[in-house]
Structure formats: C-alpha cells, structure tokens
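Read through the structure below, which is laid out as structure tokens, and then see the notes.
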Amino acid sequence: MEIRLDKIAEMVGGTLQGDGSLICRGANPPGQAADDELTMLVQVNQSADIASIKAVAIITPQLIDSASQPQIIVADPHQAFAKVVKYFRPPIAASLPGVGVDSSAAIASSAKVHPTATVCAGVTIGHRSLVMPGVVIMPGCTIGADCILYPGVTLYEYSSLGDRVVLHAGTTIGAHGFGYRQENGRHVASAQLGYVHIESDVEVGANVTIDRGSYGATRIGEGTKIDNQVMIAHNCQIGKHNLICSQVGIAGSCRTGDYVILAGQVGLKDHITLGDHTIVGAKAGVMDDCQGNQVYLGSPAMPQREQMQIFAIERKLPEMRRELKTLKKQLGELLRRLEDADDGTTSDDHNESERAA
Amino acid sequence: MEIRLDKIAEMVGGTLQGDGSLICRGANPPGQAADDELTMLVQVNQSADIASIKAVAIITPQLIDSASQPQIIVADPHQAFAKVVKYFRPPIAASLPGVGVDSSAAIASSAKVHPTATVCAGVTIGHRSLVMPGVVIMPGCTIGADCILYPGVTLYEYSSLGDRVVLHAGTTIGAHGFGYRQENGRHVASAQLGYVHIESDVEVGANVTIDRGSYGATRIGEGTKIDNQVMIAHNCQIGKHNLICSQVGIAGSCRTGDYVILAGQVGLKDHITLGDHTIVGAKAGVMDDCQGNQVYLGSPAMPQREQMQIFAIERKLPEMRRELKTLKKQLGELLRRLEDADDGTTSDDHNESERAA
Amino acid sequence: MEIRLDKIAEMVGGTLQGDGSLICRGANPPGQAADDELTMLVQVNQSADIASIKAVAIITPQLIDSASQPQIIVADPHQAFAKVVKYFRPPIAASLPGVGVDSSAAIASSAKVHPTATVCAGVTIGHRSLVMPGVVIMPGCTIGADCILYPGVTLYEYSSLGDRVVLHAGTTIGAHGFGYRQENGRHVASAQLGYVHIESDVEVGANVTIDRGSYGATRIGEGTKIDNQVMIAHNCQIGKHNLICSQVGIAGSCRTGDYVILAGQVGLKDHITLGDHTIVGAKAGVMDDCQGNQVYLGSPAMPQREQMQIFAIERKLPEMRRELKTLKKQLGELLRRLEDADDGTTSDDHNESERAA
C-alpha cells in the first residue's frame, strides 16, 4: 500500500512543503516511523529530536525549519494524522464474528486451532502454533510460528505476534487505550487506531493486559518475559529481554531499554524512560526517567543507596524527634540561664527565637 | 411486586410500629432505598442521617425515636432484612445453563449474540448490542441498547447495564463480595444478595472485577470510565464521569462523587467517601474521607501540598540527621565548657539532660 | 508408582550412599516430601533443618554428614531431581484437547459440565460439582465434590481441588511460575514441573492467578478465602483459614501460617514466612519474616505500633525541620556571642563545627 505525498496533502487538506512525488508506505509516531512512512510533530520543542526522525515527511501545525523532510502543514495535526493512519490501517468496528475459523484466515497446515476458538477475517497463523479453547483472534491479527495461546486469550484487531510467543490463560492483548478528552462535561474516547506488536520469544503470564497504541504499536521487545496480572498501557515501547514481574503497571507511552527488571507491583508514571539494565525494586513508584545500570527503590523511586539511607533514618524518626526535643529544652534552659546572668540585656531576641520555634 | 408492611412484619416475625397498610415495593440499604422501599438501620448512631432516608419503613433492632417512618423491630435485623431482600430478588443458586440463548431471554431483533456465548433465563438485551464469543450472561441480567460485551466477559445474575456500556475482554461483573464472619474457627460467607448496576455510557477495561452489593447495588455512575485490572468491591457507589485508572483497588462500601480521578494503583480503604472532583495521585492509599476539589498523594494519602513538602523533606533526612548530630555535639561541648567555667554549680542538671538525650 | 533407590541412582547417574533396596513413591521439595518420597538439598547450610526432613532419601551435590537418610550424590542436583520428578509426574506438553469431555475423564454422575467447557484426559470430577461455560480443565486435574468452577476458569495440568472449592470467573490456576535463568543474554525458563493443590472449602475470587510449583505443589490451605485479582506465585504454601484481600501479590516460595489476614494490595517478597494470626495492613510491602499474632503496616512493613509512630512523625517533618533550623540559628548566635565575650580564645573550634553542619 503506497501513496504520494501530494495525495496525502490533498487527503488531509494541508499545505505541502517539499517534493510531492515522494512515496509514503505507512504512518507512525516519530520514534517508530520508518524511512518511507509519514509521521506527526505537534510541539515545536519536539524539534530537538528532529535529526533522529526517519520519516519520509512530517505532518505539523507549523513549518519546522530544522527538519530536512517535506512537511504537510495543517490546522489540526492529530485529526489529519489519524486520517492517514486510517488510510493505511482501516479501523475495524466491533462486529460479531462467525463461529470457528473465518474462510479468509490463513492457517499453516501444522498449526492447530481448537473448535471453540474464534479466528476472524484476515488472520494468519504460523506453523505449529497452538490456539487453545475459547481463544478469540480478531480481524487482521498475525501470529508467527510455534506460538501457544492458552485458553481464554483475546487478541484485538491487528495484534501481531512473532515466533515462539506464549500467552497464558485469560490474557487480553490490544484492548483500547485509556485516553479521553472532556467535551461538555463528558469524557470522549480519543482515537485508538494503533495495535500491539509482540516480538519473538516473548512469554506473557496469565490475566495480563497490554493495550494497543494510539496511532502505532505498543511494542514488547524480543525475549522479554512478563508475569501474571501485569498491565502495559498504550504506546509503551518495552525493550528486549526485560523481566516484568507480577502486578506491575506501566502507564502510557513509557519506554524501557534492554535487560530492564521491574519487580512485583512496581508502577511507572506515563512517558517515563528507563535506561538499559535498570532495576526497579518491588512496589516502587517511578516518577522520573531513570538512567540505566542502577537499582531504584521506593515511591517516589530513588537510587537504591539514597533510598536505603532514607528507609533507615525513617525508622529512627522517633529517636530523632526525642533528640530534637531534648536539644530544644537544653538550649532553652541555657539561654534563660545566660539571660538571667546577663541582666536581661538580650532578652527580646531570645523571646523572638522561641516564638519562631 | 409489592407487599403491605404488616405482611412484612409477619414474614420476619417482627413488631410493627406504624401503618401496616402501607405498600412496599423493594428493599435496599439506607442510601439507596427509594420512597416505596424498605431499609434497615442497625446502629442507633446511624440515626443522625435519618432525615435523609427515603424508605417507606425501617427494619431495626430497637425503636428509633427520630424516624418519621413506620418501623419493624426485630432481634436480628440482618437476617430479617435479608429475608425481605430475597422476597423481592430471589437468590439464584449456581446451576448449569443451557447452550446458547435461553428461550425466556428477550433479545432485541437488532442485537447480536455469538453462538458460543451463553445467555441465561430472563435476560433482556437491548437494540444493536453485541455479545461477543464466550461471553456468559447469567439469569436476570438486563443489558441496554448499543452495548458491547467483548470476549470472555462474565455477568453474574441480576447485573444491569444502561445504554452504550462497553465491557472489554475478560471482565467479571457481579461476583460475590468478599465478606465473611468467623464461626467455630471457620470463615462463613455472609449473604451476597445484591447486584451490580452500571449506568449508561460507562466504559470498563479488560480484566476488571466489580463485585455485587451485599443487599443492594454496587453502582457505577453514568459516563464513568474504568481502565484495565481495576477492582471495585461490594456496595461501592461510584459517581458520574469518574476516571479510574489501571489497577486501582476500591474496598467495600466506598462512595465517590462526580468527576473524581483515581490514578494508577490507587487503593481506597473500605467505607471511604471522596467528594466531587477529588483527584488521587498514582499509588496513593486513601485511609480517610476526602473533601472534593483537591489533589491527594501518598500512602496514607494527604493533600498534595502537605505531601509534596513531606516527600521533599524525606529526601533531606540524611542531612537533617547530620545536622541534629552536629547540634547535639556543639551543645554538649558548650554545656561542658560552661560547666567548667561555672565551677560545677549546675553540673547535676546537665548530666540529667544528657542522660535524657 | 514406586521405584527402588538404587534404580533412582542409576536413572540420574549418581552415587548412592545407603540402602538401595528402599522404596521411593514420589519426589518433593524438602518441606513437602513425605516419608516415602525423595527430596533434594542443594546448599549445605540447609542442613540445619535436616532433622525435620521426612524424605526416604536425599539428592545432594555433596554428602551431608548430619542426615540420617540414604543420599544420592550428583553433580547437578536440580537436573537429577527434575528427572525423578518427571518420572513420577510426566510433564504434559501443551497440545490441543478435543471438544467437550475426554473419554478418559471420570465425571461423577451427579456432576454437571457445560457443553462449551473442555475437560481433558485423566481428569476426575467429584459429585455435584458444577463446571460452567468456557471452563478448561487440562489433563490430570482432580476436582472434589461440590465444587463450582465459574465461567472462563482455566486449570492447568495436574491441578487438584478438594471439596467445596469455589473458583470465580476468569481465574487461572497452575500457569507456569515466573522463573528464568540467563544463558547467552537470553532468559531461559527454568523447569516448572509442579502443580497447584487447593484444599477443601477454599473460595477464590474472580481473575485470580495461582502459579504451579517448580517441583511440587503451590498449596492453598483448607478454608482459606481469596479475593479478586490476587496473585500467588510458584511454590507458595498458604496456611489454613487465611483471608487474602483483593490485589494482594505473593512472590515465590512464601509460607503463611493459619488465620493470616492480608489486606488489599499487600505485597510479599519471595521466600517470606508469616506466623499464625499475622495481619498485614493494606498496601504494605513485607520484606522480612513476620512472627505471628501481630499487625504489620507500611512498606517496608513494620509492627503497627512502630509504623504508626513513624507515620505520625512523618506528618510533623516540616515542623521538625523548622525547629532544627531555629535551633541551629539560636545555637550559632549563642556560640558567636560567647566567642565575642571570650576574646576569641575558642573560635577555631566553633568555626569547625559550623563547617561540619
């Protein structure tokens, strides 16, 4: 599927700056767009990263001088970008599938699908993959070779799995991201046009939820292992060979490097970036980006050394408070004694300090 | 369905104070009972709110002077009230449903139910609603128009949904509340005779659990949006247009106002009330009622301003501890020096202070 | 199923110390092995508990002098032990089951299985048990009498339930434990050869996950009640009559006594032991063993009394910081004043102290 840039400008009613004959083969957010794909930049301060953007062209509300690509200038870039995303990946309205495997699905001869599973239109399933009872695979999903989908797994439309991916029972992949804007006192869902891409050798535990991206992919990197009841929100880009323990919650648009470890019940604020080999201790709440090769603890999370010191001192708070009271008393007595000895010449000052205390 | 008050008094073996000819058309907890419904009050100090109770009559263990309604006095009000609740909403024992749609279900002609879904006796489903593969709708449920129930959703008996309600995959509505009393060293489940009512325009994420009320409804207000893996316990009354983020846990009998926002992994203690426009930050643990129009952070949760100050000072605890030690040392030295200069006239006092420190 | 010790030594290529004619009837971890079962000890410091081990023999990498049992000495005890475990409980590779009830399953005449449920080879189901729509029971599972498995429950192979066990909708029992070792930069799943055993009168809420043990059972004790969205990891040994509230996460190999209560969103670090009648408050993070008959709060969790004191003082931190500053200022002024009066004879000392502060 491909389209010229001048046709895209026409489609979205925008002004094209640059070579309209260039060919576009997809649409993705800045960090994900390939050489031949369109992307979108909304804020001018995002232009700092412009050199790293590979896209063939950029949709933007105002001309970005520092960009080398052609640009399509529009009033509402989100609306325009959504239009292009929909052109390449037409949204599939929820509709009732037939029973069993749709005739347009391409199932490898050695793959096995249970008769109580539902496989919708346009799905492909690779060799030796197993689809267990009650699994539902919505339209446009792609499943590689040697995957196992345990009972009760649901894949929403356009989900894609690499090879040797294991999804344990009750896991839901690709549900709508939790994004709303308020209009007239009501929450209106923002477009959730993306999908979930899980790379090869990923294992996902039971009752996990991974939401689709807004425009592009929520991505789980190769070899990453995810424990039960983990929640990964829309647009997250999880690195390779991560270990994500049970009940971790990762808010929208987070990014983890490779070999990151998140212990049980950890939470990540949205838009956080964790460097390679970051380790976050159980129950920590990460509120800021973390450089890699370090351990973080606590909520708000801090480097281990700092947090351990604070934990230790917190246990001594009752002692500190007693010491403080004793000091206050001793100093007060001393000041009064000196005052008395002094004939009261400095008494006003002392009274003032005591009041301040 | 209706019954006279004198008949109810007879049914529960209680003493009626008031007009026995009045008609009762339901039974609900104090906050939920309508004008023509019976309610129950157990503790006399609950009588503070008696003016706000609309019920046609009250079941109580002792006469409440301040109540204007007729009262039915019984020894065990829980047992008596349960009897009346069961009269109006007969408990349905778990039993094996048939395959597909029960003949007594009323499905709108434009609604669509997947052949692998199970729709039990007495269920009604409104126009254009979609029931996806593997969904189970137990007896007595009511589903409005334009609802979508994604794969693997389970509705326990008597659940009711308004219009345009979306339930994502793997979500369980109406399971038994977690209420037990101990008898002879064993936990015995208390009656869970209530149900779940979800108002119109509510969207519920994947793998969410919302438990039924003990006697009446666990209620989700109109337009509220609930993210994946949220847990809402029995008897909660969630307001309108709330945003409840992923992995939030709300314990039993909580009440939220309108436009409340709970960020990821927040926990609410049971019987908490949050005012309109309350915002609770990620991972906070709310232990007390919160007035509205304010942000709360931390665990135990405090107003944002106070908590931010405490978070900031916690980071300075090591510095504070060092300062405290220095002060102690300086003051000790000073006291010793003055003592020496003093010829020891006050030495006893100082030794005492030092021992106290 | 039984085998002589000398045959086991032969099977694993080990050196037998002791009576080879003894009969072995199973293989289990040290705390679980019965009189006639084999166990494994890897670390010599584990020998402290040797007196309490009932096993008929021990697989170990080096002779344990203090053990009274026969021993089988091998280079890689994990590999050898896994071999014996597999001999007694052959691993069942994921494979596609047939539709409905397998002909080798033994279903009591009064039990009821919904036609959309899947019951695999070798399963037994006791009298009056109910298996609701969409439930999947994998090979080798045992279900007692009067159990209810609500819609969408999945039992992985070899799961066993006592009598009157209730599993609410969407719950997954016996998925693989989250155990990996790194090889050449990739995470490789360690053997998960165990199973889940749930004793009688246990009730499990909706969307719960309980993982199988590595070699033996993850065990839930009689009469214990588990709320929605709880996660219990591999090898845990949960005591009798516990109450485990919603969204609790228990990491691997934890052990709880009887009548333990874990409030909502509590987390337990792996290998923690909680004594009988331990109570852990909501959101607490337990990092160390807890003796019984006590309440623990906070993260890291501490005894209630200590933690409440710390919570209270944390709220006073801003006040403490102000007091500290005032004291510092007062003492500084005093020291300067004394210095001036002193003709400066001790000024060097004071400057030093101030610098240290």
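Counting only DSSP beta bridges with both residues in chain C, tell me the antiparallel percent, nearest 5.
15
Within 10 Å of the Cβ of each residue in A:85-98, the mean number of Cβ atoms contributed by other protein chains is 2.
Across peptide B:181-189, the average count of Cβ atoms from other chains found within 10 Å of a residue's Cβ is 3.
Ordering B:GLY205, B:SER110, C:ASN242 by Cα displacement along the dipole of the protein assembly as shown toward the positive end leaves B:SER110 in first place; charges were set at the Cβ atoms of Lys, Arg (+1) and Asp, Glu (-1).
Projecting the Cα atoms of B:PRO151, C:VAL165, A:VAL99 onto the charge dipole of the protein assembly as shown (Cβ charges, centred on the Cα centre) puts A:VAL99 farthest toward the positive pole. Rank C:GLU306, C:GLU323, C:GLU37 by mean-square fluctuation in a GNM of chain C with C-alpha springs under 10 angstrom and give only the top-ranked residue. Of C:GLU306, C:GLU323, C:GLU37, the most mobile in the Gaussian network model is C:GLU323.
Protein heavy-atom accessible surface, 1.4 Å probe, per residue over region C:206-269: 18 Å².
Buried surface for the A/B pair, taken as the accessible area of each chain alone minus that of the pair with a 1.4 Å probe, is close to 4600 Å² in total.
For the protein assembly as shown, a simple Cβ point-charge model (Lys and Arg +1, Asp and Glu -1, everything else neutral) yields a dipole of about 2880 debye relative to the Cα centre.
Relative to the longest principal axis of the C-alpha atoms of chain C, give the angle of the C-alpha long axis of helix C:317-342, reported between 0 and 90° and rounded to the nearest 10°. Tilt relative to chain C: about 30 degrees.
Among the trypsin sites (Lys or Arg not before Pro) within region A:68-135, which fall in a DSSP loop and have no more than 10 other Cβ atoms within 10 Å of their own Cβ?
On the way: sites: A:LYS83, A:LYS86, A:LYS112, A:ARG128; in loops: A:ARG128.
Counting only loop positions with at most 10 other Cβ atoms within 10 Å, none of the trypsin sites (Lys or Arg not before Pro) in region A:68-135 qualifies.
Starting from the label point of C:LYS112 at 7 Å along Cα→Cβ, the same points in the other copies fall at 3.1, 3.1 nm, in ascending order. Per-residue packing, averaged as other Cβ atoms within 10 Å, sorts the ranges B:251-258, B:99-106 into the order B:251-258, B:99-106, beginning with the highest.
Using the Cβ of A:ALA121 as centre and a radius below 15 Å, the other residues enclosed give a net charge of -1, where K and R count +1 and D and E count -1. Distances between placed amide hydrogens fall under 5 Å for C:TYR158 paired with C:GLY140, C:CYS141, all partners being 5 or more residues away or on another chain. For C:GLN237, the residues whose amide H sits under 5 Å from its own are C:ARG219, C:CYS254, C:ARG255, C:THR256, ignoring neighbours fewer than 5 places away on the same chain, with H placed 1.01 Å from N. The three principal axes of the C-alpha atoms in region A:190-264 carry coordinate ranges of 31, 20, 18 Å, sorted with the longest axis first. Using a probe of 1.4 angstrom, how much of the accessible area of chain C is carbon and sulfur, in percent? Carbon with sulfur: 48 percent of the solvent-accessible area. Mean separation of Cα pairs under 8 Å and 6 or more residues apart, divided by the residue count, gives region C:3-88 a relative contact order of 29 percent.
The charge dipole of chain A, taken about the Cα centre with unit charges on the Cβ atoms of Lys, Arg (+1) and Asp, Glu (-1), comes to about 1140 debye, rounded to the nearest 20. Couplings 3J(HN,Hα) for region C:24-31, derived from phi with the Karplus relation 6.51 cos²θ - 1.76 cosθ + 1.60 (θ = phi - 60°), are 10, 10, x, 9, 8, x, x, x Hz, where x marks Gly and Pro. Neighbours of A:ILE137 by Cβ distance under 11 Å: Lys/Arg scored +1, Asp/Glu scored -1, total -2. Annotation: the protein assembly as shown has a Kirkwood hydrodynamic radius of 32.1 angstrom, from the mean reciprocal C-alpha pair distance. Size descriptors for chain C, from the alpha-carbon set: Rg then Dmax equal 28.1, 104 Å. Taking only Cα atoms, what is the 0 to 90° angle, nearest 10, from helix C:77-88's long axis to the longest principal axis of chain C? Between helix and principal axis, roughly 40 degrees. Derived scalar couplings between HN and Hα for region C:294-311 equal 8, 9, 10, 9, x, 9, x, 5, 9, x, 3, 4, 5, 5, 5, 4, 5, 3 Hz in order, rounded to whole Hz, by the Karplus curve 6.51 cos²θ - 1.76 cosθ + 1.60 (θ = phi - 60°), x for Gly and Pro. Each other residue within a Cβ distance under 11 Å of C:ILE148 adds +1 if Lys or Arg and -1 if Asp or Glu, for a net charge of +1. Each DSSP beta bridge with both residues in the protein assembly as shown is either parallel or antiparallel, and the antiparallel ones are about 15%.
Each other copy holds its own label point for B:VAL188; taking that point as 7 Å from Cα along Cα to Cβ, the gaps run 5.5, 5.5 nm, nearest first. Taken along its principal axes, the alpha carbon cloud of region A:83-125 reaches lengths of 38, 22, 12 Å, longest axis first.
Evaluating 6.51 cos²θ - 1.76 cosθ + 1.60 at θ = phi - 60° for every residue in region A:142-159, the Karplus couplings come out as 10, 10, x, 8, 6, 8, 10, 10, 6, x, x, 6, 10, 10, 6, 4, 6, 4 Hz, glycine and proline recorded as x. Here region C:3-88 was treated as a single set of alpha-carbon atoms; its pair distances binned every 10 Å from 0 give 21, 62, 18 percent.
Take every Cα pair under 8 Å in chain A that's 6+ residues apart, average their separations, divide by the length, and report that relative contact order as a whole percent.
Working: 932 pairs, mean separation 23.0, N = 357.
So the answer I get is 6 percent.
Averaged over the residues of A:115-122, the number of partner chain Cβ atoms lying within 10 Å of the residue Cβ comes to 4.
Please give the residues from region B:229-261 for which the solvent-accessible area of heavy atoms, probe 1.4 Å, is smaller by at least 10 Å² with all protein chains in place than with the chain isolated. Residues of region B:229-261 that lose at least 10 Å² of accessible area once the other chains are added: B:GLN229, B:MET231, B:HIS241, B:LEU243, B:CYS245, B:SER246, B:GLN247, B:GLY249, B:TYR259. Amide H contacts of B:THR118 (H built 1.01 Å from N, in plane; Pro and chain starts excluded): B:VAL135, B:VAL136, B:ILE137 sit under 5 Å, all sequence-distant by 5 or more or on other chains. Accessible area per residue for region C:26-131, computed on protein heavy atoms with a 1.4 Å probe, is 46 Å².
The values are calculated or read from the model by the stated rules, or taken from the named source; none is laboratory data. Predicted model, so just to flag it, every value in this text is computed and none were measured. As a convention, Cβ positions derive from the backbone with ideal geometry for all residues, glycine included, and neighbour counts pool all protein chains shown. Keep in mind that these areas ignore ligands, DNA and RNA; they rest on the heavy atoms of the full protein, side chains included. Shrake-Rupley method; radii C 1.70, N 1.55, O 1.52, S 1.80 Å.
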